[in-house]
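Colleague: Below: one structure in structure tokens.
Each value in this text was obtained by applying a stated rule to the coordinates, not by laboratory testing. Treat the numbers as computed from the prediction; the structure is a model and nothing was measured. Reconstructed Cβ throughout: ideal geometry from the backbone, glycine too, with neighbour counts over all protein chains shown.
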Amino acid sequence: MAEQEKLIELIKRKYTGDTYFNSEEIIIEKKVEKKEEEKKIIKNKVETKKVKKVSESEELRNAEEEYKSALAYIKDMISPAYMKIMPDKLQINNVFAKTFFVYGYPSYLESGWLSPIINWDVKFDMSFFIYPIESGFIQKYLKKRLTQLHSERSINAEKWLLNDPGLDAQIQDVEELRANLVRWDEKYFHFWLYITIFAENEEKLTRIWKDLEVMLGWRNVLEKPALLRAEQGFVATSPFAKDEIWVFRNISTGWLSTTFPFSSASLTHDDWILYWINTHNNSLIIYDRFNVENANMCVFAKSWGWKSFAVKLEILRSLMFWTDVIVIDPENEYEPLVWQVGGTYLDVSLNSDYRINPFDLPLPLKDKDTQSWDLLRSAVIELIWFMRIILWWLEAMDESYIEKALMITYSLKWITLEDDSIIWKEIPVMQDFYDVLETISWAEILVKKLEKYTTWIFSGLFSRETNIDLNEWLQVFSVRDLDEALRPWAMYVIMNYIWNKVRSKMKKRVLVIDEAWNIMQYEDTARFLFWLVKRARKYWLWVTTITQDVEDFMWSSYWKAIVTNSSTQLLLKQSTASIDVLQDIFKLTEQEKYILLNASVGQWLFFAWTEHVWIQILASFYEQQVIDNKL
């Protein structure tokens, strides 16, 4: 009480002007001021919370209004202008729809019996409703049913009637089903099947209905139209998961498995990448090129046929499975793809800093104990082949001279057939080989032929050691700026370098050779490509050859072997000049020939061994942006 009196006295003094305070009074005044500040803080917090609560409620209200307005707009966009409901069908705008339900099935149906309907080339919707039944309930039902069947057979026996085979079959089926249910080998389900067909007019709708009856009837599957329930049938086959017709059949697990709806999706493997869409039934083509006889692919299309787009799409999706991709690019089409997804872009030309030394020894094989002299022998054999390309023509005696000169060139770098190790030893270059030939009197003609590659304008291409390495997951070799005279043997050097890398480490890789007709123009490079395609599968390498000049590709004697060793082919829109050639090669039907001549952009004829499928290229928005370099 004394403290309260002092506090009252202090307040009186404060408001009466008496400014005299002792120390105790000052402490009490500070306490009063502190309490007043705390009250102000609490009051401000309460007001802030009220304001915040009001603002949050306003934001929620505004968001709800925006959602409702947007929802109404979307509904207006997708909803039809009108719907006319008739006893047996619907009319939605200018389209007629009619729904059927299946009510009767035979005692046996083979797996995939729905395939003809799923592959049906008409507009229709199909829906399944499957609900599990409790095992105890179905056991009671089967016990009752079995009692009825036995009773019927006993009555027939008492009347001295002949035994009914159908009755015996029913008893056997019920007993087997009961045994399977007890052992949990089978389960029981309610199964609904509805089909809604669509047509532009009533005559076509009737014709489609008759076709449906034929397809189901020859399997003894019975159907009926949803009379007086057309609207409910349309809802049942729409993505609402709602059934208001309620016509079902009790079936077991084994019987239910025969209705699996996706068995008709041709060219669908268990894994790997999504290629394209089957235009016949809109199924997905999930295709693994390693799952066929060989993984090679040929692509034929005229200019602006989307061949590069399709191959780039395959590259993007293969990279997602950590598959290395190597591209020989003649027109710098793949450079933007490298900058988008990462990788190495190598410009192979006289002005480039990148070099591949053709005198490099091949890398040792991982699965074989390779000795140094084996690598030297392989290098000499490949160099003789290379010299045959760059020197245009060699006599048998010339090849013998070149072999001796090559062995001398390597021996000057301390690489001989007697060495057991080549580690840290210097590899010779073209200039070293040229210097050796100059010292040999019988090699004057070879020296003159080789002089332009060591002294004149082509001297820089082979006068340095290799300064590239295939370690990136995407490697692009650009040969656009190569002179036409350099192209054949430069392509040989590149492919030989790639092949040595591929053999040294087993890993899934894709080698894309764009404008392959450039290689097929020259006998030796065409032979090397043929040899590469023949052996690629053993080293997990896919070889994709792309060409637009079919006749130039067919000029070589090796084209047929390359095509026949490619289990996958893609044919895009063709010109009238080349279609007859392709028809003879691939044994195209007249319909396939017509399709290739009149194909739209992005439509292909896809050959996977013996399967011929008409496909549509489909890329996601992000894939489209990456391929078109718009990110």
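Colleague: Note the full-extension length gain between TYR354 and GLU175 as 0.36 nm times their separation in residues minus their Cα-Cα distance, in nm to one decimal.
Modeller: Separation in residues times 0.36 nm, less the Cα-Cα distance, equals 56.6 nm.
Colleague: Step through the residues of the stretch 226-234 one at a time and calculate ³J(HN,Hα) from phi using the Karplus curve (6.51 cos²θ - 1.76 cosθ + 1.60, θ = phi - 60°), rounding each to whole Hz and writing x for Gly and Pro.
Modeller: So the J values, rounded to whole Hz, are 7, 5, 6, 9, 5, 5, 5, x, 5.
Colleague: Amide H of TRP542: which non-local residues (sequence gap of 5 or more, or other chain) have their own amide H closer than 5 Å, using H built in the peptide plane?
Modeller: ARG509, VAL510, LEU511
Colleague: Taking a threshold of 26 Å on the Cα-Cα distance, which of the pairs LYS307/LYS587; LYS98/LYS242; LYS143/LYS224; LYS425/LYS538; LYS302/LYS507; LYS123/LYS242 fall above it?
Modeller: LYS143/LYS224; LYS425/LYS538; LYS302/LYS507
Colleague: Follow-up. Show the residues, 5+ positions off or on another chain, whose built amide H is closer than 5 Å to the amide H of ILE273.
Modeller: Those lying under 5 Å, H to H, from ILE273 are TYR287.
Colleague: Another one. Let me make sure I get this right: for the stretch 192-259, a, b and c are the square roots of the gyration tensor eigenvalues over alpha carbons, sorted descending. Under 1.5 in a/c it's rounded, otherwise prolate if a/b > b/c, else oblate. Which is it?
Modeller: Since a/c reaches 1.5 but b/c is at least a/b, the shape of the stretch 192-259 is classed as oblate.
Colleague: P(r) of the stretch 147-220 in 5 Å steps, Cα pairs, percent per bin?
Modeller: 3, 11, 12, 11, 11, 11, 11, 10, 9, 7, 3, 1, 0
Colleague: Another question about this same structure. So which GluC sites (Glu not before Pro) in the stretch 484-547 are both in a DSSP loop and have at most 10 other Cβ atoms within 10 Å of their Cβ?
Modeller: Those satisfying the criteria are GLU484.
Colleague: Using alpha-carbon positions, what is the distance between the centroids of the stretch 468-545 and the stretch 180-226, in Å?
Modeller: For the stretch 468-545 versus the stretch 180-226, the Cα centre distance is 54 Å.
Colleague: Using each residue's phi in the stretch 433-448, evaluate 6.51 cos²θ - 1.76 cosθ + 1.60 at θ = phi - 60° and report the 3J(HN,Hα) Karplus result to the nearest Hz, with x for Gly and Pro.
Modeller: Ordered by residue, 3J(HN,Hα) equals 5, 5, 5, 5, 4, 5, 7, 9, 5, 7, 10, 4, 5, 5, 5, 5 Hz.
Colleague: A follow-up question, please. Please give me the summed charge of the neighbours of ILE457: other residues whose Cβ is under 12 Å from its Cβ, Lys and Arg +1, Asp and Glu -1.
Modeller: Result for the local shell: -1.
Colleague: If you don't mind, another one. Give a quick list of trypsin sites (Lys or Arg not before Pro) in the stretch 134-202 that DSSP marks as loop, anything other than H, G, I, E or B, with at most 11 other Cβ atoms within 10 Å.
Modeller: Loop-located and lightly packed - LYS159, ARG183.
Colleague: For the charge dipole of the stretch 83-257, defined by +1 on Lys and Arg C-beta atoms and -1 on Asp and Glu C-beta atoms about the Cα centroid, which residue among PHE101, LEU228, PHE129 has the Cα displaced farthest towards the positive pole?
Modeller: Result: LEU228.
Colleague: Filter the chymotrypsin sites (Phe, Trp or Tyr not before Pro) in the stretch 390-453 down to the DSSP loop ones having no more than 16 other Cβ atoms within 10 Å, then list what survives.
Modeller: Those satisfying the criteria are TRP392, TRP393, TRP414, TRP424.
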